[in-house]
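The values are calculated or read from the model by the stated rules, or taken from the named source; none is laboratory data. Quantities reported herein were computed from a predicted structural model and do not represent experimental measurements. We place every Cβ from the backbone using ideal geometry, glycine too, and count neighbours over all the protein chains shown. For accessibility, only protein heavy atoms count, side chains too; no ligands or nucleic acids. Shrake-Rupley method; radii C 1.70, N 1.55, O 1.52, S 1.80 Å.
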Amino acid sequence: MIEFCNLKRVNDQFSAELKIACSKVIDSGWYIQGQETRTFEKNFADFCSCKYAVGVGNGYDALNLILQGWISLGYLSRNDEIIVPANSFIASALAITNSGLTPVFADVDPDTFNLSIETIEAKLSNKTKAIMPVHLFGQLAPMVEIMKLAENNNLLVIEDCAQAHGAELNNVKVGGFGHAGAFSFYPGKNLGALGDGGVVVTNDKLLDERIRILANYGSVEKYKHDFKGVNSRLDEIQAAMLNVKLKYVTNSIDKKRKIANSYLQGINNPLIKLPNVPNSGEHVWHQFVIRTAHRESLITYLKNRVETMIHYPVSIHKQNAYSDLNIDTLPVSELLSQEVLSLPISICLSSFDLDIIIKTLNDFSI
Ligand SMILES: Cc1ncc(COP(=O)(O)O)c(C=O)c1O
């Protein structure tokens, strides 16, 4: 069977360098908040062309700490509404509710799977204080339009960049459009650590400073705590792994773009709807997601031949965790949860396996 993604094979490509970097940290005797983390923060801020980057424990914490930071700085107040797509991983919404803010779930565009101006405007109210676009599957949300709408309505914009490291438009990378951006380095991401990791990027000095404090127990000076913070720090070993892998991320994205192009050109089965073809640069293909009205039959047909995944089988507003909110139907998100299917798009996918997947999909019938 062709695997969806084999992380050992992915990391094997960098293993000599990773092992040296890991040994260096072990031998240094310094494991938290050291030189590797500071270097990675500088490297990642440069990668995003942002002024500041703060390494944190994971992508959820990155989102949550931005919101906590904004509350702490007085930019947001408890119960303020934040518009978030219903079609995302649940972390986007949990970061809002766990900050004491109110998520307002918006529907998405059926072609891009992302928020659109129309779906945002349908949920705007006088309580809306921020928008959280998610660059789902690696595709840039319409950030130029979203920033214009935010400016006209005096809203903050927090970009959920967990799936989109390096996606860009007009030389601006994700994380650099909004007032702050949150990234995940979960091992399966295009830039993945060998454990959990995350980062916040921003051009706001006050937010950078406040998040550094909040993520370290609210402490400015050791054992003096000015805020009720948390423990969320990128550790030295993960920072060292990321310093190695960041050097190759552009190359990894190029490989994924080539695989995506082969799928887009090779799959021609009318039962399968391909993702839209974005302008170059705007998609980094964290996932390659097709749609079909015959998903169960297709999964059964692919069984033991091609491993696939569903991102996501239940829209966030339909999750039991949010049943208390009693949310209106969001037809596109709900339809997508019935029809989407993710194909393998690992950097280790061989052209031989890629051809087999394309042929197998083109031979599918009902
Ligand atoms: C869209 C999105 N937001 C946030 C997160 C949270 O990241 P992490 O798993 O590192 O906490 C993820 C991770 O899977 C994600 O896909």
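Solvent exposure of the stretch 146-261, expressed per residue, is 44 Å² of accessible area, with all protein chains present and a 1.4 angstrom probe. Restricting to lysine pairs 8 or more places apart or on different chains, what number in the stretch 141-243 have Cα atoms under 21 Å apart? Counting lysine pairs in the stretch 141-243 gives 4.
Hydrodynamic analysis of the stretch 176-273 uses the Kirkwood radius over alpha carbon pairs. Inserted into Stokes-Einstein at 4 °C and 1.567 mPa s, it gives a translational diffusion coefficient of 79 µm²/s. Distant-in-sequence amide contacts of V104, defined by a placed amide H-H separation under 5 Å and a gap of 5 or more residues or a different chain, comprise I82, I83, V84.
Largest first and in whole Å, the equivalent-ellipsoid semi-axes of the chain read 33, 27, 17, each the square root of five times a Cα gyration tensor eigenvalue. Of the trypsin sites (Lys or Arg not before Pro) found in the stretch 258-317, the ones in coil according to DSSP and having at most 15 other Cβ atoms within 10 Å of their Cβ are K303, R305. Of L65, L115, G166, which is farthest along the charge dipole of the stretch 37-174 in the positive direction, counting Lys and Arg as +1 and Asp and Glu as -1 at C-beta? The Cα lying farthest towards the positive end belongs to L65.
The stretch 1-115 gives an Rg/Rh value of 1.07, both radii derived from C-alpha positions and Rh following Kirkwood. Dipole magnitude for the stretch 109-268: about 400 debye, using +1 per Lys or Arg Cβ and -1 per Asp or Glu Cβ, origin at the Cα centre. The slack in the chain from I90 to N279, taken as 0.36 nm per residue of separation less the alpha-carbon distance, amounts to 65.3 nm. Counting every alpha-carbon pair across the stretch 291-366, the share separated by more than 22 Å comes to 37%.
Short-range pairs are left out: with C-alpha atoms under 8 Å and at least six residues apart, the relative contact order of the chain is 23 percent. Descending by average beta-carbon neighbour count within 10 Å, the peptides 222-232, 307-317 line up as 307-317, 222-232, the highest first.
Where a Cα-Cα gap under 16 Å defines reach, which lysines qualify for K359, not counting those fewer than 8 residues away within the same chain? Answer for K359, where 16 Å is the Cα cut-off: K273, K303, listed by chain and number. Here the Gaussian network model covers the chain, with springs between Cα atoms less than 10 Å apart; of W30, W70, W285, W30 fluctuates the most. In straight Cα distance, which lysines are under 21 Å from K24, not counting same-chain residues fewer than 8 positions off? By straight Cα distance, K24 reaches K42, K245, K247.
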